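Peer 1: Handing you this structure, nothing more for now.
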Amino acid sequence: MNKRTIPLSKRPGDIAILAFFLLNLLFITYIVDIEQVIIADPGHFTYPLWPPPVAVDMIHWWGRTFDPVVLARPAWWKVTIWIDAVFFGPFYLVAIYAYVKGKEWIRLPSIIYGSVLLTVVVVILGEEIWGTHATPHLPIVLLANLPWVLFPIYIIYRMWHYPAPFTRVNSLGPVSQPMPEHTGTLGVE
């Protein structure tokens with residue numbers, strides 16, 4: 001069976017997934033989330049070396065304005081952040097490479113990632129809706145968290161439904177070599 005990798009430009013769903021992975025790797029995991037374990041008490045702290053003060057201020061503004069659990073930082077919340085930093089962050093690096101290059105071995109890790117992320121987000125949304133630190137601005141917080149519900153569902157569907165999500169069988173069969181030009185009457189040079 002002759003397989004060929006589908007060019008990334010022909011996989012718009014994977015381009016969207018890559019953008020999601022990059023957003024998480026470059027902003028959410030190691031700026032927004034990591035701030036919440038570096039700064040134990042957002043009411044009394046000095047700015048750390050990382051993340052930058054402007055990011056710390058933005059995160060605290062979001063918590064004060066829309067999302068109280070971000071500032072409350074209960075133990076279970078910090079566990080979800082450590083899952084993000086220790087497991088998801090490295091996954092994003094590997095997955096970005098695999099999705100760009102069309103490596104089929106990322107399929108099962110993607111299903112596991114999507115399942116764990118969806119579970120974590122459902123727990124977080126349960127707090128946002130019914131918890132001790134429920135948000136007073138539920139529609140805004142739900143909308144802000146919607147990508148973290150939709151992308152894992154899409155990733156699980158894509159990787160579960162398609163056994164070879166990045167390749168297709170070449171319908172032409174093996175690539176044939178062009179015939180050499182014949183110079184003599186018997187085809188012998």
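Peer 1: I'm checking my understanding of the structure. Among residues of the stretch 150-172 that are assigned to a loop (DSSP other than H, G, I, E, B) and among the aromatic types (Phe, Trp, Tyr), which one is modelled with the lowest pLDDT?
Peer 2: Residue satisfying both the conditions and the ranking: TYR162.
Peer 1: Which of the residues that make up the stretch 114-128 are free of Cβ contacts under 8 Å to residues at least 40 places away in the same chain and either farther than 25 Å from ALA85 by Cβ or under 18 Å from the mean Cα position of the chain (by Cα) (or both)? Spell out how you get there, then give the answer.
Peer 2: Quick first cut of the stretch 114-128, residues free of Cβ contacts under 8 Å to residues at least 40 places away in the same chain only: 116-119, 121-122, 125-126.
The answer is VAL116, LEU117, LEU118, THR119, VAL121, VAL122.
Peer 1: Failed condition for GLY63, given (1) on the phi < 0 side of the Ramachandran plot; (2) out of contact with any Leu (no Cβ under 7 Å at 6 or more places or on another chain), with all others met?
Peer 2: (2)
Peer 1: Quick one: is ALA85 over 29 Å from TYR162 (Cβ atoms), at pLDDT 95 or above, surrounded by fewer than 19 Cβ atoms within 10 Å (Cβ to Cβ) and within 16 Å of the chain's Cα centre (by Cα)? Before the answer, list the steps.
Peer 2: On the way: over 29 Å from TYR162 (Cβ atoms): yes; at pLDDT 95 or above: yes; surrounded by fewer than 19 Cβ atoms within 10 Å (Cβ to Cβ): yes; within 16 Å of the chain's Cα centre (by Cα): yes.
When the stated conditions are applied, ALA85 passes them.
Peer 1: Where the second residue is hydrophobic (A, V, I, L, M, F, W, C) and in a loop (DSSP other than H, G, I, E, B) and the first is over 26 Å from ALA98 (Cβ atoms) and lies in the stretch 134-155, which pairs have Cβ atoms under 6 Å and are six or more apart or on separate chains?
Peer 2: HIS137/PHE66; ILE140/PHE66; VAL141/PHE66
Peer 1: Taking the stretch 132-146 as the search range and keeping residues that are surrounded by 15 or more Cβ atoms within 10 Å (Cβ to Cβ) and in a helix (DSSP H, G or I), which one is farthest from the chain's Cα centre (by Cα)?
Peer 2: VAL141
Peer 1: Additional query: Among the residues of the stretch 1-46, which ones are among the charged types (D, E, K, R) and farther than 17 Å from PHE87 by Cβ?
Peer 2: Of the stretch 1-46, the ones among the charged types (D, E, K, R) are 3-4, 10-11, 14, 33, 35, 41.
LYS3, ARG4, LYS10, ARG11, ASP14, GLU35, ASP41, listed by residue number.
Peer 1: Test VAL54 against the criterion of being surrounded by fewer than 14 Cβ atoms within 10 Å (Cβ to Cβ), over 23 Å from PHE151 (Cα atoms) and either out of contact with any Gly (no Cβ under 9 Å at 6 or more places or on another chain) or among the acidic types (Asp, Glu) (or both), and give yes or no.
Peer 2: Values: surrounded by fewer than 14 Cβ atoms within 10 Å (Cβ to Cβ): yes; over 23 Å from PHE151 (Cα atoms): yes; either out of contact with any Gly (no Cβ under 9 Å at 6 or more places or on another chain) or among the acidic types (Asp, Glu) (or both): yes.
The answer is yes for VAL54.
Peer 1: Here's a follow-up. Inside the stretch 98-111, can you point out the residues that are of a type outside the set (Ser, Thr, Tyr), assigned to a helix (DSSP H, G or I), crowded, with 17+ Cβ neighbours inside 10 Å and in contact (Cβ under 8 Å) with a residue 12 or more places away in the chain? Step through it out loud before you land on a result.
Peer 2: If we filter the stretch 98-111 for residues that are of a type outside the set (Ser, Thr, Tyr), which is where we start, we get 98, 100-109, 111.
Within this subset, residues satisfying the condition of being assigned to a helix (DSSP H, G or I) are 98, 100-101, 104-109, 111.
Those still in the list that are crowded, with 17+ Cβ neighbours inside 10 Å too: 98, 106-107, 111.
Within the stretch 98-111, ILE106, ARG107, ILE111 qualify.
The values are calculated or read from the model by the stated rules, or taken from the named source; none is laboratory data. All values derive from a computational prediction rather than experimental measurement. Because the Cβ atoms are built from the backbone with ideal geometry, glycine has one as well, and the counts that use them run over all protein chains shown.
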